[in-house]
Amino acid sequence: MNPFEKIFNYGIISRLEATGICMITAHERGWLKAMLQHPAAPDALTPETLSKLQQLLDGEMAIGIEGIMVEKARSMERQVYHSHLRPLRRIIGSRNGMALSYAIRSGKLYTGQEGFPYKLEYSMVKREWYIIWYHFKNRMMMSTKLDKITGISELPLEDDQSERLSVQIQARLNKRRISAAVQVMPEYNRELSRILYAFSCFEKDVDYDPDADCYTITLSFSNNDSEYVLSKIRFLGKRVKIVDGGMLQRRMYESATKALERYGMA
Amino acid sequence: MAKESFDKEIQFLRMLVLTSGAYSRQQFASRLGISVHTFDKTIKRLKDIVSTVHQGLPYEQSKEFAETICYSYYDSTDPLLLFLFRAKSLKESESQRISLLLAAMQERPLTAMELLDACCSSLDAGLPMPDEKTVRSDLKYMEAVGVIKREPGPRPYRYRIHNDLIRELSHEELLDLYDFVDIMANTQVPSVQGYLLRDGLKKQISRSHRSGRGDVTEPYLYKYHYYSRILDEAHLFTLLDCIRQRRKVSFLYFSPKSARSYAARSTNPLFERESEGRQESTLPLKVVYDHQYGRWYLLAYDTRQGIRKYRLEGMTAIAAGESVAEEQFVKRRGELEEKIRHSWLIDTGRPVTVRARFYNPGHSMPNFIKERVLLQGQWGRITDEDENSFTYEIVVNGTIEIKPWLRSFGSSCEVLEPTALRLEMITEWKELQTYYESLRENI
């Protein structure tokens, strides 16, 4: 199977799109057939849809990766689909508001909290689903674990209202963005590829100073992801040094000092 | 037409994405070992494809290409790099002909002759008219890639478009399927076929969606992805096929570790004269995806050198070779499986027991340390536990691959064994402390 088949050519795709024709290749059906064997399939699809799909894919060859492909250093997969995704994505699609009931860490329950849903977010690290939403009364952006939600209802909104909220949310998310500059220690330049791969999950800019043969990576992220950025930087160890980003630099100093204390080296 | 491998485009894009704007045109070109003219030509070709595939994309001629394809989390729903898989070059006449044939078969099943007529009557006047042989060979190709199906019945055979998967589902079912495909393509590997399917479903849903309110197909975000990982999937399927067929594989290899990797001065792989790489022929056994860096590896067997490891990003000009006896393949695979049983990633060195003490966060805090160790600690076990800490133990091949993970916990992790690893950690933390020493007075 070659993913560069001419049938995927952009000219063909855009022509078919213009005439409203839908095309599916054996590659895509084979991939789907393999994915339908995943334990998440019966959660994501109704029994009728699932059996219909299985019937439609009868006779197709699933892409066989078992025993050939190995995944290493992967987080345990505790949740791929969550039953709240279906109602919530439909509310997001219709651009309406919602009322949520949920529990917080301490166990305290909140009921009927009104707000506007923005996106459903999956954490690849924690392997869990969250909803990012705007809380009307508290005027705050929230991120709530779907597992903690006990009730969902839809609140109708006017078009202009949802339009206004979307713009507001965008502005709030942008306000939460911070950045940090990380320098690749020149003696580790030969590991640049590894370092850049590790940071390729963030929005970033790379600056290269040819005279000093020095790379500086400016990462841009939401302030509530600082801990994750720090763990990446600790992961890379001596290869990189934060050169701009006050709080993160202090945290790194703290990490090193406390770690040395653990080893009795204070 | 020679088989296009896209080795150069993949290399070009990978470098563009990873180094996001670090290099000027000249620096970029020289690092890839190409002329500035070739650089400009490649950029132009990629720009053309991107703008055709993503018509809605904000796109100005003057805009730097690197900016156009740079990663932005809140706009990451459509994987932009997917456009590469749409880049196979095709003559205008062939692209028009195949689209027309598919459109004709959409209505009802047709014979080759009927299709020839339909095609000739709608093809642009300037383009060459196809003959029966061409249409038959198009049909054969489309049947092989599964987009059309031959109807049962006597000759002359009739062909129809094979998209029941979409046609037989209701709007609600399509939406559920779209979500499933979106989630699986984003959380599982391999993903390229899933993204291609997602694209098709998305178009179908927006055509049939009449409420006109909002965009029904982009409610999900995934935090965080290795943005360039789908570029490496390009070669994956050739390798999977070879493994399945027990065939050897040959390729030109540029080790990312060697001085020729693009971090080095004279650099890079793929655009340089081919003699710079190393020609390899080996028996592929397994492909490994490393979630820690988002990178792919091939593990193979070589008669002279035993187990060999290659990074997929360094492999170019891949070709299937001769097949080997099943018995031999099974034997080598068994040996490899035994060797990687304790690999944190792909290390096949000597197994050692690593023991580390992890410290829980403060009393009122949720225990995210333990949670993370349980999630990411692979086959390691928690051996004892008290109020403030717990001990984690794992048998792993060598300590090099697990070390970054342990270090990422900062002061919440203390390595107990082996002593050599404990000492290495102490040395590293000392050095890291000096990196930030100047900030001491501010703390």
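The values are calculated or read from the model by the stated rules, or taken from the named source; none is laboratory data. Because the structure is a prediction, the values reported are computed rather than measured. Counting neighbours? That spans all protein chains shown, and the Cβs are built from the backbone with ideal geometry, glycine included.
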Report task. Just give me the residues in the stretch A:242-252 being within 7 Å of another protein chain (Cβ to nearest Cβ) and over 16 Å from B:E428 (Cα atoms), in sequence order. Result -> A:Q249, A:R250
Report task. For the stretch A:30-43, indicate whether the set of residues that are touching a residue at least 40 places away in the same chain (Cβ under 8 Å) and more than 27 Å from B:D241 (Cα to Cα) is non-empty. Result -> yes
Report task. Check off (1) within 9 Å of chain A (Cβ to nearest Cβ); (2) farther than 28 Å from B:D138 by Cβ for B:Y178 and give me the number that stays unchecked. Result -> (1)
Query raised in the report: Inside the stretch A:219-241, can you point out the residues that are more than 8 Å from chain B (Cβ to nearest Cβ) and more than 17 Å from B:Y224 (Cα to Cα)?
Result: A:R239, A:V240
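Is it the case, given these coordinates, that B:L90 is within 27 Å of A:S193 (Cβ to Cβ), under 24 Å from the mean Cα position of the chain (by Cα) and either surrounded by 19 or more Cβ atoms within 10 Å (Cβ to Cβ) or at pLDDT 80 or above (or both)?
Considered against the rule, which asks whether it is within 27 Å of A:S193 (Cβ to Cβ), under 24 Å from the mean Cα position of the chain (by Cα) and either surrounded by 19 or more Cβ atoms within 10 Å (Cβ to Cβ) or at pLDDT 80 or above (or both), B:L90 comes out as no.
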Query raised in the report: Identify, please: which residue in the stretch A:118-130 is facing chain B (nearest Cβ under 7 Å) and under 18 Å from A:G151 (Cα atoms) and is, among those, surrounded by the most Cβ atoms within 10 Å (Cβ to Cβ)?
Result: A:L120
Query raised in the report: at pLDDT 90 or above, loosely packed, with under 14 Cβ neighbours inside 10 Å and of a type in the set (A, V, I, L, M, F, W, C): does that describe A:A180?
Result: no
Requested in this report: Take the stretch A:81-109 and flag every residue that is assigned to a strand (DSSP E or B) and surrounded by 15 or more Cβ atoms within 10 Å (Cβ to Cβ).
Outcome: A:G97, A:M98, A:A99, A:L100, A:S101, A:Y102, A:A103
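Could you tell me which residue of the stretch A:208-230 is surrounded by the fewest Cβ atoms within 10 Å (Cβ to Cβ), considering only residues that are hydroxyl-bearing (S, T, Y) and closer than 23 Å to B:T19 by Cβ?
Filtering the stretch A:208-230 down to residues hydroxyl-bearing (S, T, Y) leaves A:208, A:215-216, A:218, A:220, A:222, A:226, A:228.
Keeping just the survivors that are closer than 23 Å to B:T19 by Cβ gives A:208, A:215-216, A:218, A:220, A:228.
Working: A:Y208: 19, A:Y215: 23, A:T216: 19, A:T218: 19, A:S220: 14, A:Y228: 18.
The residue in question is A:S220.
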Report summary line: Across (1) buried (at least 19 other Cβ atoms within 10 Å of the Cβ); (2) over 23 Å from the mean Cα position of the chain (by Cα); (3) at the interface with chain B (Cβ under 7 Å from one of its Cβ atoms), A:K33 clears everything bar (3)
Query raised in the report: Of the numbered conditions (1) surrounded by fewer than 19 Cβ atoms within 10 Å (Cβ to Cβ); (2) more than 21 Å from B:W296 (Cα to Cα); (3) not β-branched (V, I, T), B:S408 satisfies every one except a single condition; which is it?
Result: (1)
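Of these, B:I183, B:I166, B:I148, B:I205, which one is more than 26 Å from B:Y227 (Cβ to Cβ) and either in contact with a strand residue (DSSP E or B) (Cβ under 9 Å, 6 or more places away or on another chain) or more than 7 Å from every other protein chain (Cβ to nearest Cβ) (or both)? Write out each step before concluding.
Working: B:I183 fails: more than 26 Å from B:Y227 (Cβ to Cβ); B:I166 fails: either in contact with a strand residue (DSSP E or B) (Cβ under 9 Å, 6 or more places away or on another chain) or more than 7 Å from every other protein chain (Cβ to nearest Cβ) (or both); B:I205 fails: more than 26 Å from B:Y227 (Cβ to Cβ).
Of the residues listed, the single one that is more than 26 Å from B:Y227 (Cβ to Cβ) and either in contact with a strand residue (DSSP E or B) (Cβ under 9 Å, 6 or more places away or on another chain) or more than 7 Å from every other protein chain (Cβ to nearest Cβ) (or both) is B:I148.
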Query - Matching residues, the stretch B:22-78, being at pLDDT 75 or above, within 13 Å of chain A (Cβ to nearest Cβ) and not in a helix (DSSP H, G or I) - result: B:A22, B:Y23, B:S24
Query raised in the report: Which residues, counting only those in the stretch B:137-159, are aliphatic (A, V, I, L, M) and either touching a Cys at 6+ places or on another chain (Cβ under 9 Å) or exposed (fewer than 15 other Cβ atoms within 10 Å of the Cβ) (or both)?
Result: B:A144
**Report entry** Set B:G294, B:G334, B:G306: member being more than 9 Å from chain A (Cβ to nearest Cβ) and at pLDDT below 95
**Finding:** B:G306
**Report entry** Filter result (part of a helix (DSSP H, G or I) and closer than 26 Å to A:A73 by Cα) within the stretch B:301-328
**Finding:** B:L312, B:E313, B:G314
**Report entry** Odd one out for A:R78, checked against (1) part of a loop (DSSP other than H, G, I, E, B); (2) facing chain B (nearest Cβ under 7 Å); (3) in contact (Cβ under 8 Å) with a residue 24 or more places away in the chain
**Finding:** (2)
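Would you confirm whether or not the stretch A:18-28 contains a residue that is at positive phi, at pLDDT below 95 and not in a helix (DSSP H, G or I)?
yes
Looking at the stretch B:88-98, is at least one residue of a type in the set (K, R), within 30 Å of B:T42 (Cβ to Cβ) and assigned to a loop (DSSP other than H, G, I, E, B)? Walk me through it before giving the result.
Going through the stretch B:88-98, the residues of a type in the set (K, R) turn out to be B:88, B:91, B:97.
Subset that is within 30 Å of B:T42 (Cβ to Cβ): B:88, B:91, B:97.
Narrowing further to those that are assigned to a loop (DSSP other than H, G, I, E, B): B:88, B:91.
Yes: one or more hits.
Got a number for residues in the stretch B:361-381 being under 22 Å from A:K258 (Cβ atoms) and more than 10 Å from every other protein chain (Cβ to nearest Cβ)? It would help to see each step written out before you state the result.
Step one: list which residues in the stretch B:361-381 are under 22 Å from A:K258 (Cβ atoms), which gives B:361-373, B:376-377.
Now drop any that are not more than 10 Å from every other protein chain (Cβ to nearest Cβ), which leaves B:361-363, B:367, B:369-370, B:373.
Here the count works out to 7.
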Requested in this report: Kindly list the number of the only condition in (1) in contact with a Gly (Cβ under 8 Å, 6 or more places away or on another chain); (2) more than 7 Å from chain A (Cβ to nearest Cβ); (3) not aromatic (F, W, Y) that fails for B:E428.
Outcome: (2)
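Report whether or not A:G115 is exposed (fewer than 14 other Cβ atoms within 10 Å of the Cβ) and either of a type in the set (V, I, T) or in contact with a strand residue (DSSP E or B) (Cβ under 9 Å, 6 or more places away or on another chain) (or both). Spell out the reasoning first.
Numbers: exposed (fewer than 14 other Cβ atoms within 10 Å of the Cβ): no; either of a type in the set (V, I, T) or in contact with a strand residue (DSSP E or B) (Cβ under 9 Å, 6 or more places away or on another chain) (or both): yes.
No.
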Query raised in the report: Scanning for something more than 9 Å from chain B (Cβ to nearest Cβ) and closer than 17 Å to B:E431 by Cα, does the stretch A:190-211 turn up at least one residue?
Result: no
Report task. Look at A:K72 and say whether it is within 22 Å of the chain's Cα centre (by Cα) and at the interface with chain B (Cβ under 9 Å from one of its Cβ atoms). Result -> yes
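I'm checking my understanding of the structure. Among residues of the stretch B:254-264 that are more than 8 Å from chain A (Cβ to nearest Cβ) and surrounded by fewer than 22 Cβ atoms within 10 Å (Cβ to Cβ), which one is modelled with the highest pLDDT?
It comes out as B:S255.
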